[in-house]
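Notes follow the structure.
Since every read-out is calculated from the coordinates, none of them should be taken as a lab result. Model, not experiment: these values are computed from the prediction. A quick note on method: Cβ atoms are made from the backbone with ideal geometry, for glycine too, and the neighbour counts reach across all protein chains shown.
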Amino acid sequence: MHIGIDVGGTKIIGGLVDESGRVTFKKKLFTEKEKGYTGVRGDIGDLIRTIIKESNIEIKRVGIACAGQIDKTTKNILFSPNLDWHNAPLKDDIEKICGIDTHIENDVNAATYGEWKFGLKEIPQDAIGVFIGTGIGGGIIIDKKIYRGFSHVGGEVGHIIVNPYGYKCHCGNTGCFEAYCGGSYIIERVRTEIEEGYRGKIWNIIEGNISSLHTGHIEEACLLGDNLCKRIWEEVIEYAGAALASLVNLLNPEVVILGGGVVYGSRYFIENVQAVMEKRTMQASLANLKIEKAQLGEDAGIVGAAFIE
C-alpha cells in the first residue's frame, strides 16, 4: 500500500492507495494558509499519521503532490504560488516528522502520472496531460517517464505563449495559454463586462448573481447566442485548440489527457477544442492520436503522488 497526499490551495487530501491505483481510504483537511509553512507542514504530518493509524498498515513511502517548482537536488519546493512558500524543505521535514521516505512532486505532474497509469485503458509510451482549471497545468510523459527538464522545472504547459501581445498572465508574462483559457481569467473577463452594465442571456442564467458565475454558465450562454459569451468562449476554444496543436506538433504524443474544472464543467469543450486542434496540427502528428477525458477526478493527484518516481 502507498500513501499519496495532494496539497492544494484550499484543501489537503490524503489517501491510502493499493497496487491497482484504487484509493481505499481518504481523508481531507482545509488548507489553513494563514498558519504559514510550518503550520501546514504540521497538518500534513498529522494527516499522514492519521492515515497510518486508522489503516493499521506499515507504510514505507509517502508521495506528496504540491503546486510549484521542485529543486532537482534538495527536492525543496522552490516556490508554491497557491501557498506562498519559498524554498520549503517539505521532504526533509516530513521525513523527520513521520520517519518515512518521502517523495515530493509537482501536483500536475502527479495528476498526469496518475491518469496515465490508472485512468487509461491502455498505458501509452508517450502522453501529455493538460488540466484546465482556475489556471492551467500540464505534465509530459516520454518513454513512460515524467519529463521534468534539465532543472526539474519543465512541463509548464500553461505558460506556453499563444499571443506575445495578448492578455496579462499572473506569472508576469503576456499571452500565456493560461491567460486565455484558465477558468479564473475567463470568468474575470465576463464578470468585468457584467459589472460595467452588460445584460444578456448570461444575466438570466446566473439570475443576477455574479458571484455564482462559472465557465459552464459562459458556455451555456454562448450556445444560446449571448453576444459577450459567444465572443469570449469561442476565443477560449480557438486558443486552447491552437495550444494543443503546438504541443502535439512538438511532442507527437500518443494520447492527450484533458482534465480540470473547465473541462469537467462544460458540455462540448473537448470536442470543440479537438476540432480546432486537428485543423491546426500537422497531419503526420495526428495519426492515431487519442484525446481522452481525465477519469480519476480529485484522486488523480493522490494516486500519482503515491506511485510517481
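For the reader, a short list of remarks on this structure follows.
- Loop-located trypsin sites (Lys or Arg not before Pro) in region 83-182 (DSSP state other than H, G, I, E, B) with a sparse environment of at most 13 neighbouring Cβ atoms within 10 Å: 121, 144.
- Furthest towards positive pole of dipole, 142, 177, 281, structure part region 122-293, Cβ charges: 142
- Cβ-placed point charges (K, R +1; D, E -1), dipole of the chain about Cα centre in debye, nearest 20: 200
- Selected from 307, 83, 12, residue furthest toward positive end of dipole (the chain; charges at beta carbon): 307
- Vicinal HN-Hα couplings computed from phi for region 102-107 (Karplus, 6.51 cos²θ - 1.76 cosθ + 1.60; Hz; Gly/Pro x): 10, 10, 10, 9, 4, 4
- Residue with peak Gaussian network fluctuation, the chain [Cα springs, cutoff 10 Å], from 134, 174, 192: 192
- Among 197, 42, 216: highest mean-square fluctuation, GNM of the chain, C-alpha pairs under 10 Å: 197
- Across region 202-207, rounded Karplus estimates of 3J(HN,Hα) from the backbone phi angles (6.51 cos²θ - 1.76 cosθ + 1.60, θ = phi - 60°) give 4, 5, 6, 4, 8, 6 Hz, Gly and Pro being marked x.
- Using only alpha-carbon positions in the chain, the gyration tensor eigenvalues give semi-axes of 34, 23, 18 Å once each is multiplied by 5 and square-rooted (largest first).
- Lys/Arg +1, Asp/Glu -1 at C-beta; the chain dipole; positive extreme among 211, 112, 248: 112
- Remark on residue 292: its backbone amide H falls under 5 Å from those of 256, 257, 258, a criterion applied only to residues 5 or more positions apart or on other chains, H modelled at 1.01 Å from N.
- Proximal lysines relative to residue 26, as straight alpha-carbon distance under 16 Å, when same-chain residues fewer than 8 apart are discounted: 11, 53
- Cα-Cα pairs of region 122-293 separated by more than 24 Å (percent): 37
- Evaluated over region 122-293, the count of Lys pairs having alpha-carbon atoms less than 23 Å apart is 9 (only pairs 8 or more residues apart or interchain).
- Helical mean residue ellipticity (222 nm; -39500 (n - 2.57) per DSSP H run of 4+; nearest 500) of the chain: -12000 deg cm²/dmol
- Modelled spin labels at residue 250 and residue 290, positioned 7 Å past Cα toward Cβ, are 2.4 nm from each other.
- Scattering curve values for region 1-138, log₁₀ I(q)/I(0), Debye with Cα scatterers, q = 0.13 Å⁻¹: -0.55
- Max mean-square fluctuation residue, GNM over the chain, Cα-Cα springs under 10 Å, options 242, 110, 287: 287
- Residue 169 long-range amide H proximity, modeled H, under 5 Å: 174, 175, 176
- Within the chain, the longest run free of exposed loop sites, counting chymotrypsin sites (Phe, Trp or Tyr not before Pro) that sit outside DSSP helix and strand states (H, G, I, E, B) and have at most 14 other Cβ atoms within 10 Å, spans 1-149.
- For region 42-55, 3J(HN,Hα) per residue [Karplus equation, 6.51 cos²θ - 1.76 cosθ + 1.60, θ = phi - 60°, Hz, x = Gly/Pro]: x, 5, 5, x, 5, 5, 4, 5, 5, 4, 5, 5, 6, 8
- Remark on region 59-129: ratio of C-alpha radius of gyration to 2.2 N^0.38 Å is 1.24.
- Placing +1 on each Lys and Arg Cβ and -1 on each Asp and Glu Cβ, with no other charges, gives region 122-293 a dipole about its Cα centre of roughly 160 debye.
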